[in-house]
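Single-structure report; data block below.
The values are calculated or read from the model by the stated rules, or taken from the named source; none is laboratory data. Model, not experiment: these values are computed from the prediction. Don't worry about glycine lacking a Cβ; one is built from the backbone with ideal geometry, like all the others, and counts go over all protein chains shown. In case anyone asks, the SASA skips ligands and DNA or RNA and just uses the protein heavy atoms, side chains included. Shrake-Rupley method; radii C 1.70, N 1.55, O 1.52, S 1.80 Å.
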Amino acid sequence: MIGRLQRGYRLRSRRKVRAVAAAWLLGAVAGAAQADAVDQLRRFVAEVKAGSADFEQIVTTPDGAARKPTRGFFAFLRPDRFRFDYTQPYEQQIVSDGRKVWLHDPDLQQVTVRRLDQALGATPAALLTGGSLERDFTLVAQPASEQLEWVRATPKASDGAFQWMAVGFRGDTLAAVEILDRFGQRTRLSFRGFTVRSDLTPSAFSFTPPAGTSVVEQ
């Protein structure tokens, strides 16, 4: 009887040791993956000089209601040049030419212009296209979800337009961006067909207001 109890105790002890070891191993693997996600964002900012992708954007209000998706094309050229060309369900352009940011609304026949240094700051566009990660953002790896590795970037400045931004990678590929603004509204950009580009030049990010369009300087 005592022998059986001792064998049972030893068996339970070995199982417990194996369970603890497995839990430790899984935790270590998860921790390494999350650390790699932060490194992935650093490498993306440091090494990918230009890229483009199609995107779908979904905005969710604080009460959980999702607005109709918008779609378009995104491209960037470091440092500080980018463009978002919205095509569905309405047209709009946001273009940075390296000096100014132009927001063109064809329906209103209006272009709003701001100086680049005033428009960017610690914003998502700055993070993706040329911002200083360590200077402007606190980076924290997040648990993997949706088969993506996530990094949350929180602006160090407290007066920005958003609370945090999460960047999702699928392997080495930029796959998604999620933004929580100061009003509790979430914006999700899902990228499709992201491509590292070597053919983009500054001329791809020039903008000239169409004839008959009013220009508002801010």
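Being more than 20 Å from D105 (Cβ to Cβ) and of a type outside the set (D, E, K, R) is the filter; apply it to the range 68-80 and report the residue that is least open to solvent (accessible area, probe 1.4 Å). The qualifying residue least open to solvent (accessible area, probe 1.4 Å) is F76. Determine whether T213 is free of Cβ contacts under 8 Å to residues at least 24 places away in the same chain, surrounded by fewer than 18 Cβ atoms within 10 Å (Cβ to Cβ) and among the hydroxyl-bearing types (S, T, Y). Considered against the rule, which asks whether it is free of Cβ contacts under 8 Å to residues at least 24 places away in the same chain, surrounded by fewer than 18 Cβ atoms within 10 Å (Cβ to Cβ) and among the hydroxyl-bearing types (S, T, Y), T213 comes out as no.
Within the set F205, F162, F191, the sole residue that is under 25 Å from A37 (Cα atoms), more than 11 Å from the chain's Cα centre (by Cα) and not β-branched (V, I, T) turns out to be F162.
Selection of first residues in the range 161-175 that are closer than 15 Å to E47 by Cβ and of second residues that are assigned to a loop (DSSP other than H, G, I, E, B), restricted to Cβ pairs under 9 Å at least 6 apart or on distinct chains, gives the following pairs, ordered by first then second residue: L174/V48.
Of the residues screened, F169 is one that is aromatic (F, W, Y), part of a strand (DSSP E or B) and either at pLDDT 90 or above or open to solvent by 60 Å² or more (accessible area, probe 1.4 Å) (or both).
The set of residues in the range 81-95 being open to solvent by less than 50 Å² (accessible area, probe 1.4 Å), over 18 Å from the mean Cα position of the chain (by Cα) and of a type in the set (F, W, Y) is empty.
Within the range 188-195, identify whether any single residue is buried (at least 19 other Cβ atoms within 10 Å of the Cβ) and modelled with pLDDT under 90, and answer yes or no. No, the range 188-195 contains no residue that is buried (at least 19 other Cβ atoms within 10 Å of the Cβ) and modelled with pLDDT under 90. Against the conditions (1) open to solvent by 30 Å² or more (accessible area, probe 1.4 Å); (2) farther than 30 Å from P210 by Cβ; (3) under 20 Å from the mean Cα position of the chain (by Cα), A65 satisfies every one except (3). Residue check: L116 meets all listed conditions (1) more than 21 Å from F73 (Cα to Cα); (2) open to solvent by less than 40 Å² (accessible area, probe 1.4 Å); (3) in contact with a Lys or Arg (Cβ under 6 Å, 6 or more places away or on another chain); (4) of a type in the set (A, V, I, L, M, F, W, C) but one, namely (1). Check the range 123-135 and report whether any residue there is buried (at least 18 other Cβ atoms within 10 Å of the Cβ) and in a strand (DSSP E or B). Looking through the range 123-135, none of the residues is buried (at least 18 other Cβ atoms within 10 Å of the Cβ) and in a strand (DSSP E or B).
Answer yes or no as to whether Q109 is in contact (Cβ under 8 Å) with a residue 12 or more places away in the chain, surrounded by fewer than 20 Cβ atoms within 10 Å (Cβ to Cβ), closer than 21 Å to L180 by Cβ and out of contact with any His (no Cβ under 8 Å at 6 or more places or on another chain). The answer is no for Q109.
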